[in-house]
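The values are calculated or read from the model by the stated rules, or taken from the named source; none is laboratory data. Note that this is a predicted model, so its numbers are computed, not measured. FYI the Cβ positions are ideal-geometry reconstructions off the backbone, even for glycines, and counts take in every protein chain you see. Remember, those area values only see protein heavy atoms, side chains included, never the ligands or the DNA or RNA. Shrake-Rupley method; radii C 1.70, N 1.55, O 1.52, S 1.80 Å.
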Amino acid sequence: ETGVCERGRRLLDRIEWLGKPVLAAVNGYALGTGCELALACHVRLASDNAVFGLPAIKLGLVCCHGGTQRLPRLVGRGRALELLLTGERIDATEALRIGLVNKVVFRERLLGEAESLLRRMIGNPALALRATLEAVNGGLDRPLSEAQEGEAALSAEVLASEDAREGLRAFLEKRPARFTNR
């Protein structure tokens, strides 16, 4: 049903465009909508026992929450089509090799690794995080020169912030920055 697909796609779009880093920590199976959810996240970590796949085709269906669009942008058209058209599963090692995940860790360390990475991300100013995510997400489907113009506009907006001034002062004074997220 189109309504279910539309609602699911809108939810995953909201995750992708949240303006804050969203990290998937996959332990076990991420098949179908679970895989599409991971694709909508900005960074993906996987345990050594993780399995990924978009098996909709084996049911006579087509992914409808953005998987046919996000997967090729992440791993390339040919590899994405192979996975989408066969519905086959891949393990964490293969997911890492093709760029579907950023890192594979032992399952006992997965949540600790995810928390550590997320803390390193969110320790940066919120305005710069949002602008960086917006520049990447908004620029992927645009010509390079147009995407660079968007990047420059976002950069100018961030440069006018108190956090940017503090970051530059801290760098020059060789001290840690004290960001206020303004």
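Annotations for the structure displayed:
- P(r) weight above 17 Å for region 23-120, C-alpha pairs, percent: 44
- Orientation-averaged projected area, Cα convex hull of region 3-46 (nm²): 2.9
- Ligands, DNA and RNA are left out, and with a 1.4 angstrom probe the accessible area of region 1-139 is 55 Å² per residue.
- Rg [Å, one decimal], Dmax [Å, integer] - region 69-134, C-alpha atoms: 15.2, 42
- Isolated Cys residues of the chain, judged by Cβ distance under 4.7 Å to other cysteines: 35, 41, 63
- A full extension of the chain between residue 49 and residue 175 corresponds to an added length of 41.2 nm, given 0.36 nm per residue minus the alpha carbon distance.
- Considering region 40-92, its Cα convex hull presents a mean projected area of 3.7 nm².
- Think of the chain as a dipole: +1 on every Lys or Arg Cβ, -1 on every Asp or Glu Cβ, centred on the Cα centre; then among 66, 18, 84, 18 lies furthest on the positive end.
- Calculated over region 41-182, the projected area of the Cα convex hull averaged across directions stands at 11.0 nm².
- Distance-filtered residues of region 50-87 - backbone nitrogen under 12 Å, label point 7 angstrom along residue 31 Cα→Cβ: 51-59, 87
- Share, in percent, of DSSP beta bridges within region 1-97 that are antiparallel, nearest 5: 30
- Where labels lie 7 Å past Cα in the beta-carbon direction, separation of residue 69 and residue 85 in nm: 2.2
- All aspartates and glutamates inside 14 Å of residue 58 as judged from Cα atoms, apart from same-chain residues fewer than 8 positions distant: 82, 88
- Overall dimensions of region 104-182 as given by Cα atoms, namely Rg and Dmax in Å: 15.9, 44
- Efficiency of FRET from Cβ geometry, residue 166 and residue 115, R₀ 35 Å, rounded to 0.05: 0.85
- For the chain, size of Cβ-based charge dipole, Lys and Arg +1, Asp and Glu -1, in debye: 380
- Taking the charge dipole of region 109-182 about its Cα centre, with +1 at Lys and Arg Cβ atoms and -1 at Asp and Glu Cβ atoms, the residue from 164, 139, 177 reaching farthest to the positive side is 177.
- Positive-end residue, the chain charge dipole about Cα centroid, Cβ charges, pick of 54, 96, 153: 96
- Carbon/sulfur fraction of accessible area - region 134-182, other protein chains in place, 1.4 Å, %: 59
- Approximating the spin labels as points 7 Å out from Cα along Cα→Cβ, the residue 152-to-residue 2 distance works out to 4.1 nm.
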